[in-house]
Amino acid sequence: MNVFANTVVTLSFKLFDAGNQLIEETDEPIAYLHGGHSGIFPKVEAALANKTVGDSVSVTLEPDDAFGDYDTKLMRIEPVDQLPPDIAVGGHLVSDQDGNEVVWRITDIADGKAVLDGNHELAGQRLRFDCKVLDIRPATQEEITHGHVHGAHGHHH
């Protein structure tokens, strides 16, 4: 079977930064619903079209293809006494900004203030996504309707 719209594709992957340093790799395979359901980066999805089990792809992702450009408007400095008492550098806070959920990463704490960064940790970076197709199966009607994979390696209700 080939990868095409409304197939469930199971992958192993490795993600590298522009310096060829490994950032992340799968411990367990991941599965996504192929066909524009936002389950994987669109450029990776395009590269996987028509592949079969055992095929590998390597895709270079510019910031626009992955986590976007770094946006300085998503940086804030807040008084520590206005934040939860257990904050720490490397921790995260979640807030609502203009009707959207924003996850703020705490990047520094000094002089009674915390630096909050709402950018994804990989924003602004060129990345390489290497993956191998481990399995392909037709999606169920329920998966197609919901727009995501159910069961092993996917979403559970």
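The set of residues from the stretch 4-17 being modelled with pLDDT under 95 and not polar (S, T, N, Q) comprises Phe4, Ala5. The residues listed here are Ile109, Ile40; of these, the one that is of a type in the set (Val, Ile, Thr) and closer than 30 Å to Met1 by Cβ is Ile40.
Could you please let me know if Gly147 is farther than 30 Å from Gly19 by Cα and open to solvent by less than 60 Å² (accessible area, probe 1.4 Å)? The answer is yes for Gly147. Scanning the stretch 110-150 for residues that are free of Cβ contacts under 8 Å to residues at least 60 places away in the same chain, touching a strand residue (DSSP E or B) at 6+ places or on another chain (Cβ under 8 Å), part of a loop (DSSP other than H, G, I, E, B) and not polar (S, T, N, Q) yields Gly112, Gly118, Glu121.
Listed by first and then second residue, the pairs linking a residue in the stretch 86-109 that is at pLDDT 90 or above and assigned to a strand (DSSP E or B) to a residue that is aromatic (Phe, Trp, Tyr) and surrounded by 12 or more Cβ atoms within 10 Å (Cβ to Cβ), with Cβ atoms under 7 Å apart and 6 or more places separating them unless they lie on different chains, are His92/Trp104; Leu93/Trp104.
Tell me, yes or no, whether the stretch 7-30 has at least one residue that is open to solvent by less than 30 Å² (accessible area, probe 1.4 Å), touching a residue at least 60 places away in the same chain (Cβ under 8 Å), over 24 Å from Glu121 (Cβ atoms) and in a loop (DSSP other than H, G, I, E, B). No; the residues of the stretch 7-30 include none that is open to solvent by less than 30 Å² (accessible area, probe 1.4 Å), touching a residue at least 60 places away in the same chain (Cβ under 8 Å), over 24 Å from Glu121 (Cβ atoms) and in a loop (DSSP other than H, G, I, E, B). Among the conditions (1) touching a residue at least 60 places away in the same chain (Cβ under 8 Å); (2) touching a Phe, Trp or Tyr at 6+ places or on another chain (Cβ under 8 Å); (3) surrounded by fewer than 17 Cβ atoms within 10 Å (Cβ to Cβ); (4) not in a strand (DSSP E or B), Asn50 misses just one, which is (1).
The values are calculated or read from the model by the stated rules, or taken from the named source; none is laboratory data. Here the structure is a predicted model, which means the values were calculated and not measured. Neighbour counts run over all protein chains shown; Cβ positions are idealised from the backbone, glycine included. In case anyone asks, the SASA skips ligands and DNA or RNA and just uses the protein heavy atoms, side chains included. Shrake-Rupley method; radii C 1.70, N 1.55, O 1.52, S 1.80 Å.
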